[in-house]
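In what follows, a structure is listed as structure tokens, so that the remarks can point back to it.
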């Protein structure tokens with residue numbers, strides 16, 4: 001399946017983030033990496049996982065304490 005995997009550079013460009021951000025997400029377990037069959041030095045990520053990270057997520061709103069809001 002062509003295009004199923006992206007290099008880190010391609011993923012960073014698609015997400016409009018730095019490679020450092022990708023590495024942080026990999027360390028946090030948010031993004032799984034794979035080794036290229038052609039060159040074992042190349043790390044790949046699944047396009048579907050990158051797209052999942054790019055999806056909007058709901059924002060958790062904290063209720064405002066009425067007494068503190070009036071102060």
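We did not get these values from a lab; they are worked out from the coordinates using the rules stated. Remember, predicted model here, so these are calculated numbers, not experimental data. As a convention, Cβ positions derive from the backbone with ideal geometry for all residues, glycine included, and neighbour counts pool all protein chains shown.
Note on residue 33 and residue 20: the model spin-label points, each 7 Å out from Cα along the C-beta direction, lie 1.6 nm apart.
Seen from all directions on average, the chain presents a Cα convex hull projection of 7.1 nm².
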